[in-house]
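Reviewing the structure listed below.
The values are calculated or read from the model by the stated rules, or taken from the named source; none is laboratory data. All figures in this text were calculated on a predicted structure; none of them were measured in a lab. Cβ coordinates were reconstructed from backbone atoms using ideal geometry, including for glycine residues, and neighbour counts include every protein chain displayed. What goes into the accessible areas is simple: the full protein's heavy atoms, side chains included, and nothing from ligands, DNA or RNA. Shrake-Rupley method; radii C 1.70, N 1.55, O 1.52, S 1.80 Å.
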Amino acid sequence: MKNEQAYPSIAREGRLFLILSFVISLLVSILDFGISWLFWLITLFVLQFFRDPPRNVTQDSDAILSAADGKVISIEKTNDPYQNKKALKISVFMNVFNVHSNKSPCSGKVLSKHYFPGKFLNAALAKASIENERCAIVIETKNKAKVTCVQIAGLIARRILCYKNEGDHIASGERYGFIRFGSRVDHYIPVNAKVNVVLGQKVKNVETILAFLK
């Protein structure tokens, strides 16, 4: 079963950027129309970067949804540093042309929230998971499974926004954060989960099922 969740088509995090770029482009057009195309191109880039289209959320309590748009760059068994236990990690890399709003991979209660300042390495690198600026939330589902979702900054991304805190309840597909401008999201899920994606696959937040809990 699917349920469509809609948000403003332009994310609120980008409205100021869009207004400023539009005003500057308009002023440049008045002063020197010949070079104004470059500024309007930047305005179009800002518009597409902060878009937040409606998505169909799969209502399956055993499904772990992708928290981000992008490409699967890692599927591996490793240690979840936020729960200090073995987990299956699925990483999704977002380039500057992907939708950058982050939505919850599952429903449950936020058990903890962890923020770490850090570097701004290329988010596609494996060491970005532990060296870059990042913010993680650990979610416990109604079936007591625990899922960690980590927003990671990248080369261009310089701001991680997370609107959920410890003790909050979160719904599957609920919008909970945003990363500006290009980044990565790591999903740490139980090791016995059944993976539903492959390396290199392009995914959409909350529409693509990364794995099924057992």
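Odds and ends about this structure:
- Net charge, Gly167 excluded, C-beta distance under 14 Å - Lys, Arg +1, Asp, Glu -1: 0
- Simple Cβ-charge dipole of the chain, Lys/Arg +1 and Asp/Glu -1, about Cα centre, in debye nearest 20: 500
- On the beta carbon distance between Lys144 and Ile42, with R0 = 45 Å, the FRET formula returns roughly 0.40.
- Helix 36-49 axis, angle to the chain major axis (alpha carbon atoms, nearest 10°): 20
- Estimated FRET transfer efficiency when R0 is 41 angstrom, pair Gln201-Leu20 (beta carbons, to 0.05): 0.70
- The chain, relative contact order in percent, only Cα pairs under 8 angstrom and at least six apart counted: 25
- The range 156-208: relative contact order as a whole-number percent, Cα under 8 Å and 6+ apart: 39
- Virtual spin-label span in nm between Ala171 and Val191, 7 Å along Cα→Cβ: 3.5
- Seen against the Cα atoms of the chain and their longest principal axis, helix 15-31 is set at about 20 degrees.
- Straight Cα distances below 13 angstrom link Lys194 to the aspartates and glutamates Asp62, Glu76, with same-chain residues fewer than 8 positions distant left out.
- The sum of -39500 (n - 2.57) across all DSSP H runs of n ≥ 4, divided by the residue count of the chain, sets its helix-only mean residue ellipticity at 222 nm to -5000 deg cm²/dmol.
- Taking 22 Å as the limit for the C-alpha separation, the pairs Lys113/Lys202; Lys71/Lys113; Lys142/Lys202; Lys113/Lys142 exceed it in the case of Lys113/Lys202; Lys71/Lys113; Lys142/Lys202.
- Neighbourhood charge, 10 Å Cβ-Cβ cut-off, centred on Glu140 and excluding it, Lys, Arg +1 and Asp, Glu -1: +4
- Per residue, the solvent-accessible area of the chain (1.4 Å probe, heavy atoms of protein chains only, all protein chains present) comes to 49 Å².
- Per-peptide average of other Cβ atoms within 10 Å, ordering 57-69, 133-145, 98-110, 187-199 highest first: 98-110, 57-69, 133-145, 187-199
- For the chain, the spread of Cα positions along each principal axis, largest first, Å: 62, 37, 33
- Taking Cβ atoms as reference points and 14 Å as the exclusive limit, the residues near Phe50 contribute a net charge of +3, counting Lys and Arg as +1 and Asp and Glu as -1.
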